[in-house]
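> Pasting in a structure now, in structure tokens, and then I'll have a few things to ask.
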Amino acid sequence: MSPIDSSSISRVQLFSALLYGTLSVVMVLINKLLMDSFQFTFSSFILLPQFILSLIIVESLGRCRWIKPVEFSTTTFWRLFPVGCVYCLHGITSLVALSGMNVPLYAALKRCSPLVNLVLGVLVLRKAPPSKGILVSVMLITGGCVLAVFADIVMDYKVYFYGVFSVLCQGLYLTLIQRESEETFSSIEIFYYNAMVSLFGTLLYGVFTDDLISHLFNMDIPFSMELWIVFAMTIAISILFNFSIIWCTAENSALTTSIVGSFKQGIQSIVGAIWFGDVSSNPLFFIGIVMNFFGGFLYSYLKALEAKLKRELKHGGRCSQQSV
């Protein structure tokens, strides 16, 4: 591969990570705005339009030949079925947790996802154990989460259960995406089948928990133009986010996506605290934020060194082959 090609790949990896991080911050804040300011806490109604429109968009772009058309395959559907199921669980539990937590605390809990990916990467993907530096960076991020949780004054154990379960689902989801993208499936294919499986999963959740039927006829909230605008923005940003998390994981790794998510949650925590103001003034919270930022910077620095070393080794190997 030429230096130009290597540079292009690096730019794609960087852009996919930045896109995921930016959309993730915006998505959490606008979801919180929808649920708190407008009292729109109906998980099924937030998720279902995302998956329906995702399928329509992929089908439309494929028919216009703007992307490679995705042809439905029963074999592929069942192969990616676990990915969609885990993501569906992640989406539902994340919304329930976010509805009962302030943004900084929600972000702090989500910072534990790199630890989950670290363990799953070794157990499921058979990856080599990470370096000591990577371990230190992940421990700093997780430690920041623990401190932020201790700063919470009101402990809602039900909400925490949903939050912890969403972290486990996110870690497993990213690991499964990495495994499937490394084998045969493109980001668009995973996105398409993920939306299809999640659509049926959300429908089942809405019917069996009465979240869909009861709220369909008993939405005791005033509908306004502002509500529809925020709701439409939530759906659009969520669709882009769902693709960006798959793309970032496919181009980089599950652990990298998880670390990017943890790093952006530091920014998300500060913006959420300023915007919504429902955060404890406990010093442990601010110490946790600093630990998170430092852990994120440390990880980014170490990954940059690893990438540079790999390029140098690859270039050196090719030079030696050419000389022979």
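> Leaving out ligands, DNA and RNA, and with a 1.4 Å probe, what % of the accessible surface on the stretch 85-204 is carbon or sulfur?
Details: 3460 of 4740 Å².
So the carbon and sulfur contribution to the accessible surface is 73 percent.
> I would also like to ask the following. Multiply the residue gap between residue 124 and residue 308 by 0.36 nm, knock off their C-alpha separation, and tell me the result in nm, one decimal place.
Working: separation 184, 0.36 × 184 = 66.24 nm, distance 2.66 nm.
Roughly 63.6 nm would be gained on extension.
> I would also like to ask the following. Given a 1.4 Å probe and heavy atoms of the protein chains only, how would you sort 207, 103, largest accessible area at the top? All intermediate terms of the calculation are to be shown ahead of the outcome.
Values: 207 80, 103 0 Å².
Output order, biggest surface exposure first: 207, 103.
> Here's a follow-up. From the phi angles alone, apply the Karplus equation (6.51, -1.76, 1.60; θ = phi - 60°) to the stretch 14-21 and give each ³J(HN,Hα) in whole Hz, x where the residue is Gly or Pro.
These are the phi-based 3J(HN,Hα) values: 5, 5, 5, 5, 5, 4, 4, x Hz.
> Starting from the Cα of residue 308, draw a straight line to each of the lysines and keep only those under 30 Å, dropping any in the same chain fewer than 8 residues away.
Once the sequence-local lysines are set aside, what remains near residue 308 is 110, 127, 132, 264.
> Separate question: May I ask you to derive the FRET efficiency for residue 207 and residue 131 from their Cβ-Cβ distance with R0 = 41 Å, giving the value to the nearest 0.05? Don't jump to the answer; show the numbers that get you there.
Values: r = 47 Å, r/R0 = 1.16.
The value I calculate is 0.30.
> How much length is gained on full extension from residue 68 to residue 161, taking 0.36 nm per residue of separation minus their Cα-Cα distance?
Values: separation 93, 0.36 × 93 = 33.48 nm, distance 4.04 nm.
Extra length available between residue 68 and residue 161 comes to 29.4 nm.
The values are calculated or read from the model by the stated rules, or taken from the named source; none is laboratory data. All of these numbers come straight from a predicted model, not from anything done at the bench. Counting neighbours? That spans all protein chains shown, and the Cβs are built from the backbone with ideal geometry, glycine included. These area figures cover heavy atoms from the full protein model, side chains too; ligands, DNA and RNA do not enter into them. Shrake-Rupley method; radii C 1.70, N 1.55, O 1.52, S 1.80 Å.
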